[in-house]
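These notes concern the structure reproduced below.
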Amino acid sequence: MKCFVTGASGFVGANLVHELLARGHRVKALVRAASDLRSLDGLDFERFEGDVNDRDSCVAAMRGCDWCFHVAASYHLWLRSYASMYATNVEGTRNVIEAAIKVGCSRVIYTSTVGCIGLPQLVDGKRADLADESVPVETGQLTNHYKASKWRAEQVARKLVSIGAPVIIVNPSAPVGPRDIKPTPTGQIIVDFLNRKMPAYLDTGLNWVHVRDVAIGHILAAEKGRVGERYILGNAEGNWTMKQTFAVLQEITGIPAPKFRIPHDFAMLAAAASELGAKFTGKPPRVPFAGVRMAADKMFFSPAKAIRELGLPQTSPKQGLADAVEWFHANGYAKKVISRV
C-alpha cells in the first residue's frame, strides 16, 4: 500500500514509518519545513512539505495514497496560548480526513489518546475496573487543553464517519521506547530519572506500552479494524503506579528510585508557583498544572479489544522502558548507563 503519514517526525509517527517500510509499504510523509527528521534518517520515503492546517496541501500530498495515518498533533501540557493547539488538533483533523475522502483513501487511521476515554465510576473512593473503549469521558475528566482538543477532534472524526469517511480511531496509552526526540512528557519522566532529577513521585499510574506495539497497532487497525470503532493501544500488563515504574527503572539502570511520595495538594502549590514563573519567563513550567491534574487519577486501561480484534502485540513494558533508557543514553539525553537488563 502507499501510505500517507502526518506527524512522521514525532515519536509515534517515526516509529510508524519504520514499521510500514519494514512491511514493504511505501510511505509519503507530510512534514513541516522546520521538522526535526533525525528519527527518519536513512529511510526510503517520500517527503512532502506542508501543514495539516492547509487543506489544499493535504489534498495535494495525499493523491495516489491508499491509507492515511493522521498521527500529527500538538501535544503540550503548557502553552502561553492554546489557540494553535485547537487549530492543529481539531481543524487539522478535519482537514486531513476531508482530504482523505476527496482523494479516495480506503482507510483513515486517526491517532487519538486514552485521555478521550472515560474512567470507571469510583467505588469506595477507588476505580473498581479498568477503563475500556465503551466508557464515556466526563467533562470533568478533560483536565487540560490537550485532552479537550483531542476529544473535540474525535467528535469531528465520528461526524465524518457518519457521512461515509472510512475512519478508525486508535487511542494509545503511554508509549515508551526509542526515537522520542522531543522528548514527550512521558519520555521526560524517564530522562529526569536517568539524570537524577526525580527526587520524589506522585501517587499516580499509567498504562505503559512499547511504542513499537503502538506503531504496529496502527497498521493492524488499517488491515483489520472496523470503521467507526476505536481501539486502545496499550498493554494488558502495563498498568503500573509510578512507584512500580520507578522500581523497574531502578532494576534496569541501578539508579535508586525516589522514596518519597509528594502529596497532591503540595504538587498543586508547586504547579501554581511554577506556572506563575512561566508567565514572566515565557519558558514552560517545570511543574505544569495539566500534569498534576492528570496525576490525580491512575490512568489504567484495558487493551483487550485491540488484542482480540487486531492481534495487538504485547511486548513487555519493562522492555519498552529498557529500550527507552538505551536510546536516551545513546542519543545524549542522559549521563551514562550504570547497568542494563
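Since every read-out is calculated from the coordinates, none of them should be taken as a lab result. The structure displayed is predicted, hence computed values, not measured ones. Ideal geometry is used to build each Cβ from the backbone, glycine not excepted, and the neighbour counts take in all protein chains shown.
Does THR315 satisfy the condition of being hydroxyl-bearing (Ser, Thr, Tyr), over 30 Å from TYR82 (Cα atoms) and in a loop (DSSP other than H, G, I, E, B)?
Here the answer is yes, as THR315 does meet what is asked.
Please find, within region 218-265, the residue that is nearest to the chain's Cα centre (by Cα) out of those that are farther than 27 Å from LYS150 by Cα and among the basic types (Lys, Arg).
The extreme case among them is LYS243.
Just to verify a result, which residue in region 200-221, among those that are in contact with a strand residue (DSSP E or B) (Cβ under 7 Å, 6 or more places away or on another chain) and surrounded by fewer than 24 Cβ atoms within 10 Å (Cβ to Cβ), is nearest to ILE117 (Cα to Cα)?
If we take residues in region 200-221 being in contact with a strand residue (DSSP E or B) (Cβ under 7 Å, 6 or more places away or on another chain) and surrounded by fewer than 24 Cβ atoms within 10 Å (Cβ to Cβ), then GLY205 is nearest to ILE117 (Cα to Cα).
I'd like the residue in region 279-325 that is hydrophobic (A, V, I, L, M, F, W, C) and surrounded by fewer than 18 Cβ atoms within 10 Å (Cβ to Cβ) and, out of all such residues, is farthest from the chain's Cα centre (by Cα). Quick ask: steps written out before the conclusion?
So the first thing to find is which residues in region 279-325 are hydrophobic (A, V, I, L, M, F, W, C), and the list is 280, 287, 289-290, 292, 294-296, 299-301, 304, 306-307, 310, 312, 321-322, 324-325.
Now narrow it down to the ones that are surrounded by fewer than 18 Cβ atoms within 10 Å (Cβ to Cβ): 280, 296, 304.
Working: PHE280: 29, ALA296: 19, ALA304: 19 Å.
Ranking the qualifying residues of region 279-325, first place goes to PHE280.
Could you tell me how many of the residues in region 52-80 are under 21 Å from TYR146 (Cα atoms), in a loop (DSSP other than H, G, I, E, B) and touching a strand residue (DSSP E or B) at 6+ places or on another chain (Cβ under 8 Å)?
Result for region 52-80: 4.
Return yes or no: is ASP66 farther than 24 Å from ASN15 by Cα, more than 21 Å from the chain's Cα centre (by Cα) and among the acidic types (Asp, Glu)?
Answer is no for this residue.
Give all pairs with beta carbons closer than 7 Å in which a residue from region 197-215 that is touching a residue at least 60 places away in the same chain (Cβ under 8 Å) meets a residue that is outside any loop (DSSP other than H, G, I, E, B) and of a type in the set (Lys, Arg); count only pairs at least 6 apart in sequence or on separate chains.
Cβ pairs passing all conditions: ALA200/ARG261; TYR201/LYS243; TYR201/ARG261; ASP203/ARG261; THR204/LYS298; GLY205/LYS298.
Would you mind stating whether SER9 is assigned to a helix (DSSP H, G or I) and of a type in the set (Ser, Thr, Tyr)?
No: the conditions fail for SER9.
Determine whether VAL108 is buried (at least 17 other Cβ atoms within 10 Å of the Cβ) and under 18 Å from the mean Cα position of the chain (by Cα).
Yes.
Would you check which residues across region 275-312 are within 17 Å of ALA131 (Cα to Cα), assigned to a helix (DSSP H, G or I) and in contact (Cβ under 8 Å) with a residue 12 or more places away in the chain and list them?
Once the filter is applied, which keeps residues that are within 17 Å of ALA131 (Cα to Cα), assigned to a helix (DSSP H, G or I) and in contact (Cβ under 8 Å) with a residue 12 or more places away in the chain, region 275-312 yields MET294, ALA304, LYS305, ALA306, ILE307.
Hey, among THR93, THR88, which residue is buried (at least 20 other Cβ atoms within 10 Å of the Cβ) and closer than 26 Å to ALA278 by Cα? Step through it out loud before you land on a result.
Values: THR93 fails: closer than 26 Å to ALA278 by Cα.
Only one candidate passes the filter, namely THR88.
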